[in-house]
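Following: one structure in structure tokens, then a few remarks.
The values are calculated or read from the model by the stated rules, or taken from the named source; none is laboratory data. Since the model is a prediction, treat every value here as computed from it, not as a measurement. Note that each Cβ is placed from the backbone with ideal geometry, even for glycine, and that neighbours are counted across all protein chains shown. Note: areas computed on protein heavy atoms with side chains; ligands, DNA, RNA excluded. Shrake-Rupley method; radii C 1.70, N 1.55, O 1.52, S 1.80 Å.
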Amino acid sequence: MCAIYENLGDSMAIENNMVVGIEYELRDTATSDIIDSNVGGNPLEFITGRNHIIPGLEVELLTMSSGDNKMVTVSPKDGYGEYDETALEEVPAEQFTGFDLKAGMALYAQGEDGSTIQVTVKEILGETVKVDYNHPLAGKELQFDVRVLNVREPSEEESMTGHVAQPEAEGCCGGGGQSSGCGCN
């Protein structure tokens, strides 16, 4: 068993530079539609204070402890930003040769700095295609039903790299023959 995910007996308050594991269900408050969820799957683990999650959720998590549940509403400015109408661009359709384009389709492109960015096809206009550079959740008020599964100090390596180390397979989801109760599917 992976006690780190199941031992909620000792409540530990969340502070900056802590490793936190959460289970969440995310809804768009305007439609109540579930946008994302990891309930019953692997916890989302991250180090607080490193900009790994949206600011509005992190601020609320800093008021919680291991084992806590909370409904958190995040405004667009504290989530994925306000929707920016100027982030739309018409690009030549020839740049999409080989794609069966449809409105609403998400594509990945290379940004000016070489990073990968997601764009959404807004409209196919014949010789051009209108793409949207806004994050798909920009402009949306979000509601998280969040449960803090674990809180711990980061290892020295985690502190240096800023990333949570993946657990060893032995005894959890592969090494010890266990496949349930570990946050693994």
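Checking the structure you have, find out if any residue of the range 88-98 is at pLDDT 90 or above and within 30 Å of L57 (Cβ to Cβ).
Checked the range 88-98: at least one residue is at pLDDT 90 or above and within 30 Å of L57 (Cβ to Cβ).
Which condition number does S180 fail, the rest of (1) at pLDDT below 95; (2) surrounded by fewer than 11 Cβ atoms within 10 Å (Cβ to Cβ); (3) more than 30 Å from G40 (Cα to Cα) being met?
(3)
Tell me, yes or no, whether the range 43-55 has at least one residue that is out of contact with any His (no Cβ under 8 Å at 6 or more places or on another chain), part of a helix (DSSP H, G or I) and open to solvent by 20 Å² or more (accessible area, probe 1.4 Å).
yes
Which count do you get for residues in the range 28-57 that are within 13 Å of the chain's Cα centre (by Cα) and closer than 13 Å to L142 by Cβ?
8
In this structure, does G126 turn out to be out of contact with any strand residue (DSSP E or B) (no Cβ under 6 Å at 6 or more places or on another chain) and either at pLDDT below 95 or not aliphatic (A, V, I, L, M) (or both)?
Here the answer is yes, as G126 does meet what is asked.
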